[in-house]
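Below: the structure, in structure tokens.
Please treat every number below as a calculation from the coordinates, not as lab data. Everything numeric in this text was worked out from a predicted model, so none of it was measured. No Cβ is skipped: glycine too gets one built from the backbone with ideal geometry, and neighbour counts run over all protein chains shown.
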């Protein structure tokens, strides 16, 4: 989406325009080769195969292999200050735990966001539970001999491997050959990740919200896709392993812009810019009179969710072009 607005003052002394703002939407239905649209494999390529006939991605989650990812860049760092949404379809054809006799318990399959540098680094060990920073994902653990029940999770993990609270649904089993649609929506205002699932178009769940607490810090994720984790590094006596096959399809990632609903006005000779902002961003107004350089036209202010107004308190005598800048702290 692209928005561009302009206004010419009735008095003729000032011309104003907002800069372009974009919402990022990435949609993938695998109707064409994903390699040509930004998707990459990191790790073992044998775990992922594009099915051109069925127009989906065939996936093997195999914990005997090294950490492997089929993923696409988000185009920006997502943090707890940024709203975002992830939606995808999942269908499992088979799933077996304890495929390694020395690791007989359950283990996870996962789809979601990673920090590529961290996730592909040698110190990233998902099995330990505390050496896998910067994740926001959907996980599934089948039931095992401890009979805690199959579980779906939506962990948010910070840069120092702190977990958000909640984001869990126990005794929630994913059965083979059912089509699951998972929608995960994170809102920065309340720092909450909400997840809605359907099974064959019927509501499924619920999954508890994941909520960031005061000691969480922050996460930074920059890729999304399918995650197949090694089962190395688990606590002795509680090791699990997994082998599963299925398809994923119809990915949608949406990241709304931090500036929307822009309305420039001139009131009593003063330029005002009304727009909808959001919390956790910092905003300021800039102007140019020659299209060669931009200079600050307002103080930096913390964003709120709702209508914000910025103004040039010392406008130039002639024409000027204005833009609002938004950045993360």
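Details
- Rounded if a/c under 1.5, otherwise prolate or oblate - region 45-113, Cα gyration tensor axes: oblate
- Centre-to-centre separation between the Cα atoms of region 195-262 and those of region 34-105: 11 Å.
- Applying 1/(1 + (r/R0)^6) with r as the Cβ-Cβ distance of residue 50 and residue 185 and R0 = 41 angstrom yields a FRET efficiency of 0.90.
- Each part gets one Cα centre, and for region 266-295 versus region 150-174 those centres are 41 Å apart.
- For the pair residue 145 and residue 304, a Förster radius of 51 Å applied to the C-beta separation gives a FRET efficiency near 0.50, rounded to the nearest 0.05.
- On full extension, the segment bounded by residue 66 and residue 270 gains 67.3 nm, given 0.36 nm per residue less the C-alpha separation.
- Cα→Cβ-extended label distance, 7 Å offset, between residue 289 and residue 173, nm: 7.4
- For residue 220 and residue 76, the difference between the fully extended length at 0.36 nm per residue and the C-alpha to C-alpha distance is 50.9 nm.
- Mean Cβ count within 10 Å, highest first, over the residues of peptides 106-114, 267-275, 126-134: 106-114, 126-134, 267-275
- Residues listed by number, region 119-145, amide nitrogen under 13 Å from residue 232 label point at 7 Å toward C-beta: 120-128
- Site pair residue 202 and residue 254 shows an inter-label distance of 2.7 nm when each label is modelled 7 Å from Cα along Cα→Cβ.
- Our estimate of slack between residue 317 and residue 282, defined as 0.36 nm per intervening residue step minus the Cα-Cα distance, is 9.8 nm.
- When shorter helices are ignored and each DSSP H run of at least 4 residues is given -39500 (n - 2.57), the per-residue value for the chain at 222 nm works out to 0 deg cm²/dmol.
- As a rough guide to protection, the peptides 75-81, 211-217, 49-55 ranked by mean Cβ packing within 10 Å, highest first, stand as 75-81, 211-217, 49-55.
- Rounded, prolate or oblate (a/c below 1.5 giving rounded, otherwise prolate when a/b exceeds b/c) for region 159-258 by Cα gyration tensor: oblate
- Virtual spin-label span in nm between residue 37 and residue 128, 7 Å along Cα→Cβ: 3.8
- Most mobile listed residue (73, 257, 122) in the chain, GNM with C-alpha springs under 10 Å: 122
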